[in-house]
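Structure, as structure tokens:
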Amino acid sequence: MRSVMGSTTCRLLLNRRVFYSITIRQSQIFNCQISRQLNTVSRPWSNRNLRANSRSLRNQVSLCRYISTENQVKSDLQIKRDYLEFKSNNLQLSWLWLRDHCRCEVCYNHVTNQKNFLIDPSSSQSTSITPENVELESDGQELKITWKDNHITRYDISWLKENSFSTESKQRIKQFFWTGEKMRSEDRPVVDYEDHMKTEEGLKQSLYYLLKYGFTIVQGAPATIEDTGKVSERVANIMETCFGRVWSFTADLERADTAYSNVGLGCHTDTSYLTCPAGIQVFHCIEHDGEGGETLLVDGFQAAHKLRQDHEQDFNYLTRAIVPHEFLDKKTKDHYRSLGPVLSVSPNSRELTHIRFNMYDLAPLSTIPQNEMKQFYTAYNRLRTNLVNPANEFWLKLKPGMVLFVDNWRVLHGRSSFTGKRVVCGCYINKNDLNNTYRRHDML
């Protein structure tokens with residue numbers, strides 16, 4: 001390994017010296033040419049000689065620039081024992097990772113977009129992980145590695161930056177963390193029904209609002225359960241649950257859930273009792289002949305971010321503590337139970353990815369050690385204090401034709417108490433299917 005790496009480094013150093021020498025020499029020649037022209041500027045020149053000299057000088061300038069650029073590109077790559085350092089792009093790339101991520105026709109199936117094998121550093125063929133030569137091509141936009149077994153790998157630099165480890169956010173649309181006041185000062189995230197259903201621009205606008213604010217409204221939809229399903233399917237596949245595919249509910253206590261009553265509901269996330277909670281919750285109030293029943297929305301990420309700023313230890317604890325949630329309906333004999341943290345963050349950037357907060361569905365805390373109870377309840381209630389702060393609440397009145405999409409991994413919802421007959425229909429959309437739609441439109 002040392003001899004190979006040493007020889008590779010020596011070649012790069014030798015090439016660097018040669019490039020420096022050529023660059024200096026070419027610069028000297030160029031300067032001499034300029035001096036001679038200045039000294040003889042009064043000499044009568046023919047147009048032919050002038051054009052010839054101009055072309056010659058232009059060629060020399062181009063050569064100098066090319067050599068200088070090549071020299072700069074070469075010195076940008078630092079060959080280390082276990083990795084390649086690419087200074088200008090702030091990349092440190094393991095040789096093992098680079099070899100395993102080769103996308104040539106042998107290593108990768110471009111028809112199925114799947115890997116053909118997994119590199120094993122302990123195998124007898126581990127010498128294939130050792131680079132023989134490293135260079136940049138295509139004006140520094142492509143990395144070419146020739147391995148010791150003569151296998152050649154090429155990578156686009158943009159692909160390397162997109163897929164290598166980074167602690168920086170790779171989100172393409174910046175999320176807007178809002179309070180009630182901030183949300184009221186923004187243009188309401190509303191998309192016309194016809195645009196949402198019939199144009200790609202309208203659908204992308206709905207998706208953009210979902211990513212930015214955590215909710216969006218499709219306005220002008222037919223006030224039927226069937227059409228609510230169609231509006232939802234435009235975003236992604238509908239998620240089947242114990243409540244059905246597209247459900248409707250009213251205050252009849254048909255199911256063992258507070259939503260099937262007319263009392264007010266505090267802010268919460270839905271399906272927290274599922275191993276993978278629903279990614280989107282859809283609401284459409286298709287009938288109400290009474291008063292009240294306004295919908296409450298709270299940006300859970302904003303509240304959690306505030307907790308992180310004020311009480312970082314509590315925030316970190318809620319990303320580690322495993323909390324059980326359950327849904328139990330003795331009538332239908334449904335019993336769902338899940339385990340998961342209240343707050344989830346990206347392993348790289350540590351950005352929030354999921355809040356799971358539903359005090360109604362909390363199961364017995366059998367997963368929290370008894371000596372951590374005070375720590376858990378302190379952290380949990382500090383988060384709850386941020387969530388129920390009236391300054392963070394955004395209220396709106398759902399009416400027939402308004403289909404509300406809520407990012408159930410970020411925005412909490414609730415409602416005020418109401419009178420009269422109120423019928424709401426809706427459905428859930430799986431988070432994986434939602435993200436698939438985002439990626440299909442190059443938004444995630």
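Quick one: which of Glu312, Glu294 is among the charged types (D, E, K, R) and closer than 29 Å to Val218 by Cβ?
On the way: Glu312 fails: closer than 29 Å to Val218 by Cβ.
Exactly one of Glu312, Glu294 is among the charged types (D, E, K, R) and closer than 29 Å to Val218 by Cβ, namely Glu294.
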Inset, instruction - Answer yes or no: is there a residue in the range 261-276 that is part of a helix (DSSP H, G or I) and out of contact with any Phe, Trp or Tyr (no Cβ under 7 Å at 6 or more places or on another chain). - result: no
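Of the residues Tyr380, Tyr336, Tyr360, which is out of contact with any strand residue (DSSP E or B) (no Cβ under 7 Å at 6 or more places or on another chain) and closer than 20 Å to Asn408 by Cβ?
Numbers: Tyr336 fails: out of contact with any strand residue (DSSP E or B) (no Cβ under 7 Å at 6 or more places or on another chain); Tyr360 fails: out of contact with any strand residue (DSSP E or B) (no Cβ under 7 Å at 6 or more places or on another chain).
Selected residue: Tyr380, the only one of Tyr380, Tyr336, Tyr360 that is out of contact with any strand residue (DSSP E or B) (no Cβ under 7 Å at 6 or more places or on another chain) and closer than 20 Å to Asn408 by Cβ.
What about Tyr273, is it in contact (Cβ under 8 Å) with a residue 24 or more places away in the chain, touching a strand residue (DSSP E or B) at 6+ places or on another chain (Cβ under 7 Å) and over 28 Å from Asp227 (Cβ atoms)? Don't jump to the end; show me each part of the working.
Details: in contact (Cβ under 8 Å) with a residue 24 or more places away in the chain: yes; touching a strand residue (DSSP E or B) at 6+ places or on another chain (Cβ under 7 Å): yes; over 28 Å from Asp227 (Cβ atoms): yes.
Spelling it out, Tyr273 is indeed in contact (Cβ under 8 Å) with a residue 24 or more places away in the chain, touching a strand residue (DSSP E or B) at 6+ places or on another chain (Cβ under 7 Å) and over 28 Å from Asp227 (Cβ atoms).
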Legend entry - Where Thr295 falls short, out of the listed (1) under 23 Å from Glu254 (Cβ atoms); (2) under 22 Å from the mean Cα position of the chain (by Cα); (3) of a type in the set (S, T, N, Q): (2)
Inset, instruction - Please note which strands (runs of 3 or more DSSP E) are completely contained in the range 278-379 and include at least 2 residues that are at pLDDT 95 or above and among the hydroxyl-bearing types (Ser, Thr, Tyr). - result: 334-341
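Residue-by-condition table, conditions (1) farther than 14 Å from Phe283 by Cβ; (2) among the basic types (Lys, Arg); (3) surrounded by 14 or more Cβ atoms within 10 Å (Cβ to Cβ):
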| site | (1), (2), (3) |
| --- | --- |
| Tyr380 | yes, no, yes |
| Asn386 | yes, no, yes |
| Glu393 | yes, no, yes |
| Lys397 | no, yes, no |
| Phe405 | no, no, yes |
| Trp409 | yes, no, yes |
| Gly414 | no, no, yes |
| Gly420 | yes, no, no |
Legend entry - Enumeration of residues in the range 172-189 that are loosely packed, with under 15 Cβ neighbours inside 10 Å, closer than 26 Å to Glu393 by Cα and not small (Gly, Ala, Ser): Ile173, Lys174, Glu181, Arg184, Glu186, Asp187, Arg188
Legend entry - Enumeration of residues in the range 165-182 that are over 8 Å from the mean Cα position of the chain (by Cα) and among the basic types (Lys, Arg): Lys174, Lys182
Legend entry - the range 219-259: number of residues that are part of a helix (DSSP H, G or I) and free of Cβ contacts under 8 Å to residues at least 40 places away in the same chain: 5
Legend entry - Test: Leu296 is in contact with a Lys or Arg (Cβ under 7 Å, 6 or more places away or on another chain), crowded, with 19+ Cβ neighbours inside 10 Å, in contact (Cβ under 8 Å) with a residue 60 or more places away in the chain and aliphatic (A, V, I, L, M): yes
Legend entry - strands (runs of 3 or more DSSP E) enclosed by the range 89-195 - at least 1 residues per element that are modelled with pLDDT of 90 or more and in contact with a Lys or Arg (Cβ under 9 Å, 6 or more places away or on another chain): 91-94, 131-137, 142-147, 152-156
Inset, instruction - Return the pairs, sorted by first residue and then second, in which the second residue is aliphatic (A, V, I, L, M) and assigned to a helix (DSSP H, G or I), the first residue lies in the range 84-102 and is in the same structural domain as Asn113 (by TED's automatic domain parsing) and surrounded by fewer than 19 Cβ atoms within 10 Å (Cβ to Cβ), the beta carbons are less than 8 Å apart, and the residues are 6+ apart or on different chains. - result: Asn89/Ile157; Asn89/Leu160; Leu91/Leu160; Leu96/Ile129
Legend entry - Selected residue (criterion: surrounded by the most Cβ atoms within 10 Å (Cβ to Cβ)) from residues of the range 313-335 that are within 23 Å of the chain's Cα centre (by Cα) and of a type outside the set (A, V, I, L, M): Phe315
Legend entry - Residue in the range 246-266 that is closer than 25 Å to Glu393 by Cβ, modelled with pLDDT of 90 or more and out of contact with any Ser or Thr (no Cβ under 8 Å at 6 or more places or on another chain) present: yes
Inset, instruction - Please name all residue pairs, on different chains or six or more residues apart, with Cβ atoms under 9 Å, provided the first residue is in the range 108-126 and is of a type in the set (D, E, K, R) and the second residue is modelled with pLDDT of 85 or more. - result: Lys115/Asp100; Lys115/His101; Lys115/Cys107; Lys115/Tyr108; Lys115/Asn109
Legend entry - Total residues in the range 199-218, condition over 18 Å from Gly180 (Cα atoms) and either in a helix (DSSP H, G or I) or without any contact (Cβ under 8 Å) to a residue 60 or more places away in the chain (or both): 10
Legend entry - Members of the range 105-120 found to be out of contact with any helix residue (DSSP H, G or I) (no Cβ under 6 Å at 6 or more places or on another chain) and either basic (Lys, Arg) or under 16 Å from Ser94 (Cα atoms) (or both), listed by number: Lys115, Leu118, Asp120
Legend entry - Residues satisfying the stated conditions in the range 380-419, i.e. in a loop (DSSP other than H, G, I, E, B) and closer than 30 Å to Asp192 by Cβ: Lys397, Leu398, Lys399, Pro400, Gly401, Asn408, Trp409, Arg410, Ser416
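The values are calculated or read from the model by the stated rules, or taken from the named source; none is laboratory data. As the structure is a computational prediction, the values presented were derived from the model and not from experiment. Positions of Cβ are generated from backbone atoms using ideal geometry, with glycine treated the same way; all protein chains shown enter the neighbour counts.
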